[in-house]
Amino acid sequence: MNFYYGGFMQYGTGIRRAAMAMVTASAATLLMTGCQPGADAAETTGSPSAAPAEAAGSSSGAPASAASRPAGDASSTAQGSATGSSSPTAGKCAVTDLKASMYQAAVRPPGTGIGAVVVEFTNMSGKPCIVQGHPTVAGAGNGSPERNRPLKVTHTGSASAVRVAPDGKAWTKLTFVQVQGEADGYCASGSEPLLYPTLVVGVPGAGAHQLALKDGSLAECDDKVTVTAVSAAKPS
């Protein structure tokens with residue numbers, strides 16, 4: 001508490017003494033007040049409260065420097081950078097993640113039918129996903145995937161997990177018992193050839209896809225098909 005003494009100095013000695021007495025009494029009053037328990041508590045409580053408010057304003061207005069950032073923040077930042085630089089974890093592909101198409105294979109058994117087809121799966125999900133296994137195959141009509149005729153599948157090749165990147169592809173090859181002869185053809189087993197407008201190809205864990213060839217229906221014998229495991233390598 002500041003006192004202004006200059007105004008008292010221009011008067012006489014008695015006034016000066018009175019002024020000094022007033023100053024002494026005021027100081028004693030202040031000293032007694034300072035000794036009361038509540039005064040220190042009020043000052044101690046009030047003084048630090050400004051610091052958190054100021055610190056909070058600094059942290060909300062601008063990023064804290066590396067020196068002022070807590071140790072926990074530094075470790076979490078490092079972990080975030082490491083996570084961002086690593087490959088994201090991939091789950092199993094869902095049926096909606098994959099777009100399937102089918103075309104005639106370049107290498108197929110001799111005969112007059114289609115013989116073999118390649119099924120291509122494209123990851124449309126925008127994130128990596130995993131496919132694995134040998135697909136199931138059934139013959140079906142147009143627009144009726146639930147009304148299908150399952151084919152007897154023979155697996156070839158080992159099945160391993162295939163990580164398909166966004167817009168990436170995976171493949172499987174289906175090889176049928178070929179139709180022989182001209183015109184309607186015949187089956188070497190003596191059975192009648194069967195004609196399917198579409199196939200229903202089921203990917204393990206990734207649903208079923210109804211597919212059609214662009215260049216005609218698929219004729220085959222004996223309702224048998226050899227299926228490769230889904231692979232990252234494109235078959236011929």
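The values are calculated or read from the model by the stated rules, or taken from the named source; none is laboratory data. These figures come from a predicted structure and were not determined experimentally. Cβ sites come from the backbone with ideal geometry, for glycine too, and all protein chains shown count toward neighbours. Keep in mind that these areas ignore ligands, DNA and RNA; they rest on the heavy atoms of the full protein, side chains included. Shrake-Rupley method; radii C 1.70, N 1.55, O 1.52, S 1.80 Å.
Which of the residues that make up segment 178-187 are surrounded by fewer than 18 Cβ atoms within 10 Å (Cβ to Cβ) and among the polar types (S, T, N, Q)?
Within segment 178-187, 180 is the sole residue that qualifies.
Of all residues being assigned to a loop (DSSP other than H, G, I, E, B) and touching a strand residue (DSSP E or B) at 6+ places or on another chain (Cβ under 6 Å) in segment 143-165, which is surrounded by the most Cβ atoms within 10 Å (Cβ to Cβ)? Just the residue, please.
151
Right, residue 173: modelled with pLDDT of 95 or more and under 24 Å from residue 93 (Cα atoms) or not?
Answer is yes for this residue.
Determine whether residue 223 is among the charged types (D, E, K, R), closer than 14 Å to residue 102 by Cβ and either touching a residue at least 12 places away in the same chain (Cβ under 8 Å) or touching a Phe, Trp or Tyr at 6+ places or on another chain (Cβ under 7 Å) (or both).
no
Filter segment 188-204 down to residues that are open to solvent by less than 40 Å² (accessible area, probe 1.4 Å) and assigned to a loop (DSSP other than H, G, I, E, B), then give me how many there are.
Summing the residues that are open to solvent by less than 40 Å² (accessible area, probe 1.4 Å) and assigned to a loop (DSSP other than H, G, I, E, B) in segment 188-204 gives 2.
Going through segment 121-137 one residue at a time, which ones are open to solvent by less than 30 Å² (accessible area, probe 1.4 Å) and either of a type in the set (Gly, Ala, Ser) or outside any loop (DSSP other than H, G, I, E, B) (or both)?
Within segment 121-137, 121, 122, 123, 129, 131, 133, 137 qualify.
For segment 205-236, which residues satisfy the criterion of being open to solvent by 30 Å² or more (accessible area, probe 1.4 Å), charged (D, E, K, R) and at pLDDT 95 or above?
222, 224, 234
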